[in-house]
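Everything on this sheet refers to the single structure shown next.
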Amino acid sequence: MHVLGIETSCDETAAAVVDGDGRVLSAPLTDQVAEHAPYGGVVPEVAARAHLARLGGLVGRALDEAGLTPDRLDGVAATAGPGLIGGVMVGSMMAKGIAAAAGIAYLAVNHLEGHALTVRLTDGVDFPYLLLLISGGHCQLLVVDGVGRYRRLATTIDDAVGEALDKSARLLGLGYPGGPAIERAAAAARDPGRFALPRPMVGRSEPHFSFSGLKAAVRRAVAGLPPGPMDPSDQADLAAAVQVAVADCLVDRTARAMSAAAAAQPQIRCLVAAGGVAANRMIRDRLDGLAGARGWTCTVPPPALCGDNAVMIAWAGVERLRLGQADPLDFAPRPRWPLDPDAPPATGAGVKA
Ligand code: KG4
Ligand code: ZN
């Protein structure tokens, strides 16, 4: 089985061919950091145009490198949401065109399901597992019982964790994308304990997240520094304080969810992290320590497969195709598409949760 995957939901344009055994035959990817950097964040219209300009070439490269023509594929899978709708439409139309022309299956993949299933490709993780999904748009804890079977235990009531890192980085003058910039700056910290930042929600019984208070505290800390461009040592110490505060929140909330998940389903002994923020070394190490202390395993994809990519979309396509699933060509892209549509809203949640 061979599936072509397409990812265009945010600021990565990517295509990949993956086979039924999880072998990655090709995975060309371009980011749009240069296009969006002047604005300090992703501009949807700019992103959609960049996807349109690049996707055709990337799909051609993915097929060439895999040594396949479209008629030799079994399916074509594209992110159909959630994400920036202009980009999602570009990827969806490309996939539908290829599927129609080659007479193969079309799979409208939920981008979050791509993140959720990646560890099955990289590490062969079996269902069920507890997933900490940490990206620029989402911060959730879910029990993954199977393909398409998700039970959300927690979500953020305001900002996603990556969003908080990106906004904090901007306040620190570290630019975009913020998560990697914070990680780099934090590595140079001499006094990581110098700035006291809050740990929102820590200790609460329900495992939900909140990050807007952390962002506000970073703003206050920056305002308390001398005016003008920030001193690199202040930047480094504050970046380290942000990183450890975020890690503390993630570990505390995940620990709660592990208890809740294990109480309901004792066979769950595997913690999985996914999404761009899971590329962070400190966060990976802290989650690994948490799992180990409870006799659980912890599996996180390699950093290159934590952030957005088309390998995970192709793989989600493989998983769905194996179950006999496919989607009609009139499937409408979905800007919002929760993995667990039945989850009750979190108490105090804003519109985004
Ligand atoms: O999964 P992703 O690539 O896109 C979304 O689906 O949102 O996640 C992007 C997020 C951004 O907020 C970015 O700052 C963050 O992941 N990120 C990181 C790191 N690399 C990317 N955060 C912390 N440490 C990193 N090394
Ligand atoms: Zn993502």
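Things to note:
- Scanning the range 84-112 for residues that are in a helix (DSSP H, G or I), open to solvent by less than 30 Å² (accessible area, probe 1.4 Å) and in contact with a strand residue (DSSP E or B) (Cβ under 7 Å, 6 or more places away or on another chain) yields VAL88, GLY91, SER92, ALA95, LYS96, ILE98, ALA99, HIS111, LEU112.
- Hits in the range 133-148 (condition: outside any strand (DSSP E or B), within 16 Å of ligand 1 (Cβ to nearest atom) and in contact with a Leu (Cβ under 8 Å, 6 or more places away or on another chain)): HIS138
- Condition met for LEU142 (within 16 Å of ligand 2 (Cβ to nearest atom) and surrounded by 22 or more Cβ atoms within 10 Å (Cβ to Cβ)): yes
- Residue match in the range 318-328 (condition: more than 15 Å from ligand 1 (Cβ to nearest atom), part of a strand (DSSP E or B) and at pLDDT 95 or above): no
- The set of residues from the range 169-216 being open to solvent by less than 30 Å² (accessible area, probe 1.4 Å) and near ligand 1 (Cβ under 10 Å from one of its atoms) comprises ALA169, GLY178, GLY179, ALA181, ILE182, ALA186.
- Candidate set: the range 42-60, residues that are crowded, with 22+ Cβ neighbours inside 10 Å and of a type in the set (A, V, I, L, M); chosen: the one nearest to VAL17 (Cα to Cα): VAL59
- Residue check for ALA273: within 16 Å of ligand 2 (Cβ to nearest atom), touching a strand residue (DSSP E or B) at 6+ places or on another chain (Cβ under 6 Å) and either modelled with pLDDT under 95 or in the same structural domain as GLY146 (by TED's automatic domain parsing) (or both): yes
- When residues of the range 276-316 are limited to those that are touching a Lys or Arg at 6+ places or on another chain (Cβ under 8 Å) and within 16 Å of ligand 2 (Cβ to nearest atom), the one nearest to GLY75 (Cα to Cα): TRP315
So that you can scan it fast, the table gives a plain yes or no per residue for (1) in contact with a helix residue (DSSP H, G or I) (Cβ under 8 Å, 6 or more places away or on another chain); (2) touching a residue at least 24 places away in the same chain (Cβ under 8 Å); (3) of a type in the set (Lys, Arg); (4) more than 24 Å from PRO328 (Cα to Cα):
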{"site": "GLY5", "(1), (2), (3), (4)": "yes, yes, no, no"}
{"site": "ALA16", "(1), (2), (3), (4)": "yes, yes, no, no"}
{"site": "PRO28", "(1), (2), (3), (4)": "yes, yes, no, yes"}
{"site": "GLY67", "(1), (2), (3), (4)": "no, yes, no, yes"}
{"site": "LEU84", "(1), (2), (3), (4)": "yes, yes, no, no"}
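- When residues of the range 61-83 are limited to those that are under 24 Å from the mean Cα position of the chain (by Cα) and surrounded by fewer than 24 Cβ atoms within 10 Å (Cβ to Cβ), the one farthest from ligand 1 (Cβ to nearest atom): GLY81
- Residue match in the range 268-277 (condition: assigned to a helix (DSSP H, G or I) and surrounded by fewer than 21 Cβ atoms within 10 Å (Cβ to Cβ)): no
- When restricted to residues that are surrounded by fewer than 17 Cβ atoms within 10 Å (Cβ to Cβ) and among the small types (Gly, Ala, Ser), the range 217-254 contains 4.
- The single condition from (1) within 16 Å of ligand 2 (Cβ to nearest atom); (2) modelled with pLDDT under 95 that GLY228 fails is (1).
- Residue in the range 288-298 that is part of a loop (DSSP other than H, G, I, E, B), closer than 20 Å to LEU250 by Cβ and among the β-branched types (Val, Ile, Thr) present: no
The values are calculated or read from the model by the stated rules, or taken from the named source; none is laboratory data. Remember, it's a predicted structure, so these values are computed and weren't measured experimentally. Glycine gets a Cβ as well: all are built from the backbone with ideal geometry, and neighbour counts include every protein chain shown. To get the accessible areas, we keep the full protein, side chains included, count just its heavy atoms, and leave off ligands, DNA and RNA. Shrake-Rupley method; radii C 1.70, N 1.55, O 1.52, S 1.80 Å.
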